[in-house]
Each structure stands twice: as C-alpha cells, then as structure tokens.
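See structure below.
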Amino acid sequence: MRRSRTIVLTVTALAVLVAASSAVAASGGGKSASTITLHVMSTARTAPQFGDVVTFDVSTSADRPYVLLNCYQNGVWVLAGQAAFWASSTSKTFTLASTSWTGGTADCTARLGSLNADGTRFRELASTSFTVTG
C-alpha cells in the first residue's frame with residue numbers, strides 16, 4: 001500500500017512538472033515577445049542600398065528598448081555599432097554609410113534588446129539581418 005502511494009505521488013509530481021514546463025515553453029520561456037523589422041525611409045524601395053536612411057519597426061514590451069546596428073563589408077566592420085533608444089525622443093534613423101564604408105555591398109544586423117538600469121548590460125530580444133547593395 002505504501003509503495004503504491006509513493007508511485008502515485010511520483011507520477012502526479014512528474015505530470016505537474018511536465019505541464020508546467022510545457023506552459024513555460026509555450027509562453028516563450030517568460031521572455032517578452034519582441035520583433036524588429038527593417039524599414040527603408042529614403043525611397044519606396046524595400047531593399048536597402050548604400051547611403052539609404054533606414055529605421056526599424058520595433059515591437060516589444062521590454063523596458064529601455066535599444067537598437068544596435070552593425071554592418072560588415074568582406075568581414076570588416078564598417079558601420080560601428082550605431083545605436084538608438086527606442087523609448088526616447090532621440091533620432092531613430094540610421095544612415096547606411098560611414099567614413100570606413102564609402103560604397104559597395106555590406107551585410108548588416110540590427111539587434112533589438114533592452115539595457116539594464118545602469119546601461120551596462122544588453123539583453124538581445126530579437127534581430128534582423130539584411131544585405132545593403134552598393
């Protein structure tokens with residue numbers, strides 16, 4: 001009798017753990033659902049070209065949302081970490097050019113994340129990658 005009761009309690013506990021872990025997985029592990037999408041502002045084109053001004057359509061419930069944009073040309077970092085707070089009134093546009101990137105194709109990644117209260121840690125929530133033609 002005692003052994004069967006132990007088995008029933010063990011099986012019940014395992015069922016509760018499985019149900020709880022399934023619920024956490026379905027909800028995204030407790031993270032906020034966040035998205036970031038490229039938006040070319042300079043023209044009606046959707047594919048960015050060198051020199052274009054872009055922004056990002058951002059959706060997040062995170063505190064202190066922040067966007068980092070980095071671009072590489074043949075593996076060389078040519079657009080060095082342009083960033084903008086998405087919750088403030090600062091400029092939310094990025095120009096696809098720099099003093100080290102004067103033309104040509106580059107691969108870019110924009111990362112949406114949140115900063116901790118003192119601005120020392122960045123937690124990535126979503127990202128999007130795209131190619132800029134020269």
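Can you classify region 31-79 as rounded, prolate or oblate using the Cα gyration tensor, where a ≥ b ≥ c are the square roots of its eigenvalues, rounded means a/c under 1.5, and otherwise it's prolate if a/b beats b/c and oblate if not? Don't skip to the end; give the middle numbers.
Values: a/c = 2.83, a/b = 1.45, b/c = 1.95.
It comes out oblate by the Cα gyration axes.
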Candidates per trypsin sites (Lys or Arg not before Pro) in region 103-134, loop by DSSP, up to 16 other Cβ within 10 Å = Arg121
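Throughout, read-outs are computed from the coordinates displayed, never taken from laboratory work. Computed from a predicted structure; not experimentally measured. Cβ atoms come from the backbone with ideal geometry, glycine included; neighbour counts cover every protein chain shown.
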